[in-house]
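Visitor: Starting off with a structure, shown below.
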Amino acid sequence: MHIYIYKTIANIQVLLLLSISLVVNGCGCSKPTEATSHTLKPSEIVLFLGNSNVGKSTLCNSVFQQAVFNSDVSMSFGTTLYNQEHEYQNALYIDTPGLSYKQTREKAAKEIEEALKKNSNYKIIFVVTLKSGRLRPTDIATIDTICDVIQVPFEYGLIFNKVTRGIIKAINQKGLNYYLTSFKKKPFATVILKMDYEIEDNPNFYFKPDSENRKNLLEFISKLKSVQIHESDIKPLDITKYEQRLYE
């Protein structure tokens, strides 16, 4: 009887030692690897929107300082036909296709919807260029149409990209509000990025790390307000409304 009790006590002691070892050593599980840590969900999404060839991909690559997104010059339907995604400094950057080309408009609308339905905190950025110092109707229609899709209060930033010295002078004379009144919903913040002739028409080039354009771009992104958007907050993007806006 005594021998049985001693064996039982000994077994209990062994089990206790094993339990303590498992707790101290983390159940024998290995520490999460660096690759595992990268699977954590980014804290926010930086969403670039706008029509083809306005420079969205180049701007994103300028942030990353590497040619992650394809920014080759397109002569047909634009460079970006599908969403391009890249995680950088705990934020997910998404470069979306534009709505201006009729042949790819329906597909582009679905890609934009998908980008807005990731149930995350969003910084929304539209990119436009000026033609002869004027906003293009396609850019105005794109911004108004996409803004209508988002059913929660939000703010967005607007980048005037590839702006020449002459156009900058005209903007200073007219005032920036002259251009902003064209939009149904005005931007929360704006930034003017000068034409960089070293990268213009050169595939997969981007701003130099110490350039004024990159500095202004990073500051602009950091100061933008983020808003939480859920999938249920996004209604279908109706391309017929975009087409109607072109002729208003």
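The values are calculated or read from the model by the stated rules, or taken from the named source; none is laboratory data. This structure is a prediction, so every number in the text was calculated from the model and none was measured. FYI the Cβ positions are ideal-geometry reconstructions off the backbone, even for glycines, and counts take in every protein chain you see. Protein only, heavy atoms only, side chains kept; ligands, DNA and RNA dropped before computing areas. Shrake-Rupley method; radii C 1.70, N 1.55, O 1.52, S 1.80 Å.
Visitor: Got a number for residues in the stretch 145-182 being in contact (Cβ under 8 Å) with a residue 12 or more places away in the chain, open to solvent by 70 Å² or more (accessible area, probe 1.4 Å) and in a helix (DSSP H, G or I)?
Guide: Of the residues in the stretch 145-182, 1 are in contact (Cβ under 8 Å) with a residue 12 or more places away in the chain, open to solvent by 70 Å² or more (accessible area, probe 1.4 Å) and in a helix (DSSP H, G or I).
Visitor: Step by step: first the residues of the stretch 78-129, then only those that are touching a residue at least 60 places away in the same chain (Cβ under 8 Å) and among the small types (Gly, Ala, Ser), then the one that is farthest from Asp201 (Cα to Cα). Which residue is that?
Guide: Top of the filtered list is Ser120.
Visitor: Report yes if some residue within the stretch 120-141 is in contact with a helix residue (DSSP H, G or I) (Cβ under 6 Å, 6 or more places away or on another chain) and under 16 Å from Gln228 (Cα atoms); otherwise report no.
Guide: No, the stretch 120-141 contains no residue that is in contact with a helix residue (DSSP H, G or I) (Cβ under 6 Å, 6 or more places away or on another chain) and under 16 Å from Gln228 (Cα atoms).
Visitor: Which residue, of Lys185, Lys118, is open to solvent by 50 Å² or more (accessible area, probe 1.4 Å), in a loop (DSSP other than H, G, I, E, B) and under 24 Å from Gln244 (Cα atoms)?
Guide: It is Lys185.
Visitor: Which condition from (1) under 19 Å from Val46 (Cα atoms); (2) in a loop (DSSP other than H, G, I, E, B) is the one that Tyr197 breaks?
Guide: Single failed check for Tyr197: (1).
Visitor: If I filter the stretch 188-235 down to residues being within 14 Å of Val127 (Cα to Cα) and aromatic (Phe, Trp, Tyr), which single residue comes out as least open to solvent (accessible area, probe 1.4 Å)?
Guide: The selected residue is Phe220.
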